[in-house]
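Below: one structure, written as structure tokens.
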Amino acid sequence: MSSSRLLLNFNLKHSILIILIIVCEILTSEVPRPRGVSLSRASLYDPEKDFVCLDGTISIPFTHVNDDYCDCPDGSDEPGTSACPNGIFHCTNAGHKPLNIHSSRVKDGICDCCDGSDEHGNNNVNCVNNCYELGRSAREEAQRQAELIKVGNQMRLEFSQKGIQIKQEKKEKLVELEKHKAEAEAVLKEKESLKNEVEVLEGAALEQYKKIEEEERKRKEEAEAADTRIEATETFNRFDSNKDGKVDISELQTRQTFDKDRNGEVSEEEAKFFLNEEESVDLEAFITLAWPRIKPFMMLDAGLFKPPIKEGEEEEQEHINEEHEGEAEELTEEELHEGEESEFGGEEDEEEPEEEIEEKATETSTPAPPQYDEETQKLVDAANEARKEYESAKQAVRDIQTELNNIEEYLEKDYGPDEEFAVLEGQCFEYTDHEYIYKLCPFDKTIQQPKSNSLETRLGTWSRWAGPDINKYQIMMYERGQSCWNGPQRSTKVRVACGSENKVISVTEPNRCEYQFDFITPAACKELASDSEDDVHDEL
Ligand code: MAN
């Protein structure tokens with residue numbers, strides 16, 4: 001059947017139903033019963049008999065019903081007055097929906113029932129019966145809703161079909177990936193044993209080179225130690241100005257290099273630091289304990305070594321360098337070392353060891369790998385190749401595993417009883433207010449972005465369905481968003497309702513950092529047994 005015929009058929013049925021309801025209401029509102037009693041209870045109020053309280057406790061003459069005196073403990077003898085504290089007044093509201101109100105609202109000067117029956121006999125208030133108008137607009141609204149649900153439900157069914165198909169495809173992909181994973185793991189195993197085999201051969205071939213390398217390293221270390229010794233001894237002799245075989249505090253105090261805090265003088269503490277906290281050191285102690293402290297400062301002074309720049313200072317430093325570019329050239333050598341003697345030269349320094357230190361600084365770089373013989377080189381290349389293949393086989397397993405995890409994560413998510421919400425995944429829906437652009441990316445996240453820039457704030461990550469038991473798919477929760485300053489982590493409640501398109505129709509922040517989105521989607525258009533008609537049927 002075409003959708004227009006479906007709609008026509010639906011409209012016709014609905015109109016007949018409304019006419020039936022109105023006719024029945026007219027007929028049934030005529031059924032005689034005490035004021036405030038619903039049609040369904042009319043038979044319990046028989047004027048021919050004594051009245052038995054509805055809780056069965058006592059029996060009273062029928063004339064005591066609605067006499068403005070409360071006799072029954074359950075208030076059932078005073079349905080039309082406010083005499084009983086627990087009474088219920090029933091408005092028939094012919095033409096609209098019947099209503100039960102608390103008896104305290106009877107004759108209180110406020111029109112609660114659209115037919116005005118709750119204020120009947122109250123001369124202080126004039127309640128107009130507007131049930132028909134209210135009923136008509138309520139029925140029109142109900143009809144609009146019903147039509148929306150009808151059309152939306154068609155779309156929901158299409159969503160559902162797609163969702164079911166996606167799920168099926170994911171399940172098939174899962175099986176396929178499991179197979180691929182097993183294959184990739186077998187390849188990995190093979191590559192691993194291949195690598196191990198070649199590495200054994202490589203290891204054996206490199207054994208002799210290792211020895212050579214080790215010897216070379218040792219030789220280098222010894223040479224470096226000897227150089228250090230020579231360098232330290234030369235410096236010791238230079239510093240030991242009174243030639244007593246010791247370098248003491250006062251001998252260091254004459255050298256600006258040791259002015260650590262750059263306040264223009266070398267204090268005793270500063271000098272002592274370089275002497276390993278001693279008053280003086282002999283040559284041996286100087287070489288082993290003092291020199292490791294002294295050397296970096298001498299290199300620093302000679303401009304051969306820069307201390308590491310702390311994070312954040314880097315830019316600043318660059319900026320300073322730019323600003324002062326060229327300035328150094330403008331200063332004379334004397335100006336640079338104003339008030340200082342050359343730390344490497346000392347007063348009587350002749351030849352300059354600056355170069356010496358520079359040379360030594362470059363010498364410490366890592367030695368080039370040894371040249372292997374042809375056979376060994378072949379083994380090293382083969383091992384490198386095997387390692388590369390092993391690594392890429394490992395990566396292949398990892399990639400498959402990641403894909404598997406994503407699919408498993410998908411399959412664990414609840415996309416609605418008929419998979420109807422699944423098509424929303426991967427899409428984002430925007431809403432703009434005067435200050436922000438909000439985004440809802442179902443099953444992923446909610447976002448807030450100021451209109452003035454592109455800095456996104458995460459308002460929550462998909463967490464769960466949180467609607468009432470009757471339909472948990474009415475509310476989506478997005479939690480653990482970015483923390484608010486001095487506050488909680490942001491979170492979003494998304495109220496989901498039926499609509500003919502997917503759209504965020506409002507966003508509010510009812511409490512600081514707690515957001516509420518209203519989202520309409522055909523996925524929420526399910527035809528449920530309407531309770532509005534049941535209400536009307538109460539009088540049938
Ligand atoms: C930002 C926005 C607001 C939020 C405050 C909290 O301005 O995310 O929605 O209320 O931070 O400090």
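Bear in mind these aren't lab numbers, they're just calculated from the coordinates by the rules spelled out. As the structure is a prediction and not an experimental result, all values here were calculated from the model. Note that we place each Cβ from the backbone using ideal geometry, even for glycine, and neighbour counts take in every protein chain shown.
So for the range 193-308, what percent of the C-alpha to C-alpha distances run longer than 20 Å? Value for the range 193-308: 55 percent of Cα pairs lie more than 20 Å apart. Ranking Gln208, Ala186, Ile230 by Cα position along the charge dipole of the range 153-240, where only Lys, Arg, Asp and Glu carry charges on their C-beta atoms, puts Ala186 farthest toward the positive end. Cross-link partners for Lys388 among the lysines, with Cα-Cα distance under 22 Å and sequence neighbours closer than 8 places in the same chain left out: Lys181, Lys189, Lys191, Lys195, Lys378. Positive-end ranking of Ile101, Ala83, Pro47 along the dipole of the range 31-129, with charges on Cβ about the Cα centre, is headed by Ile101.
Size descriptor for the range 171-259, Kirkwood hydrodynamic radius: 19.6 Å (Cα pairs only, one decimal). Restricting the chymotrypsin sites (Phe, Trp or Tyr not before Pro) of the range 47-121 to loop positions (DSSP other than H, G, I, E, B) with no more than 14 neighbouring Cβ atoms within 10 Å leaves Tyr69.
Full extension of the chain between Asn405 and Asp50 yields a length gain of 120.4 nm, computed as 0.36 nm times the residue separation minus the alpha carbon distance.
Note on the range 422-524: with charges restricted to the Cβ of Lys and Arg (+1) and Asp and Glu (-1), its dipole about the Cα centre is near 220 debye. Peptides 217-227, 98-108, 262-272 ranked from most to least packed by the mean count of surrounding Cβ atoms within 10 Å: 98-108, 262-272, 217-227. Distance between the C-alpha centres of the range 373-398 and the range 146-217: 20 Å, rounded to the whole angstrom.
Among the trypsin sites (Lys or Arg not before Pro) in the range 175-206, none is located in a DSSP loop while being surrounded by at most 14 other Cβ atoms within 10 Å of its own Cβ. Computed from backbone phi with θ = phi - 60° and the Karplus coefficients 6.51, -1.76 and 1.60, the 3J(HN,Hα) list for the range 122-131 is 8, 6, 7, 9, 10, 8, 8, 7, 10, 4 Hz; x is used for glycine and proline. Hydrodynamic analysis of the range 31-129 uses the Kirkwood radius over alpha carbon pairs. Inserted into Stokes-Einstein at 10 °C and 1.306 mPa s, it gives a translational diffusion coefficient of 117 µm²/s. Between the listed residues Ile505, Ser491, Gln474, the Cα displaced farthest toward the positive end of the dipole of the range 422-524, a dipole computed from Cβ unit charges relative to the Cα centre, is found at Ser491.
Note that the range 422-524, at 4 °C in a medium of 1.567 mPa s, gets a Stokes-Einstein diffusion coefficient of 95 µm²/s from its Kirkwood radius over C-alpha pairs. When peptides 111-119, 204-212 are sorted by average Cβ neighbour count within 10 Å, with the highest value leading, the order is 111-119, 204-212. Placing a label point 7 Å from the Cα of Asn486 along the Cα-to-Cβ direction, the residues of the range 510-529 with a backbone N closer than 19 Å are 511-514. Partners of Lys107 within straight-line reach, counting lysines whose Cα lies under 29 Å from its Cα and excluding those fewer than 8 residues away in the same chain: Lys49, Lys97.
Per-residue 3J(HN,Hα) values for the range 434-444, derived from phi via the Karplus relation 6.51 cos²θ - 1.76 cosθ + 1.60 with θ = phi - 60°, read 5, 10, 10, 9, 9, 10, 10, 10, x, 6, 10 Hz in sequence order (x marks Gly and Pro).
Placing pseudo-labels 7 Å out from each Cα toward the beta carbon at Glu221 and Gln165 gives an inter-label distance of 7.0 nm.
Annotation: lysines with alpha-carbon distance below 26 angstrom to Lys445 (same-chain offsets under eight excluded): Lys162, Lys167, Lys170, Lys171, Lys173, Lys413, Lys472, Lys493, Lys503, Lys526.
Taking every alpha-carbon pair under 8 Å whose residues sit at least 6 apart, the range 422-524 reaches a relative contact order of 19 percent. For the range 31-129, a crude dipole built from +1 on the beta carbon of Lys and Arg and -1 on the beta carbon of Asp and Glu, taken about the Cα centre, is about 340 debye to the nearest 20.
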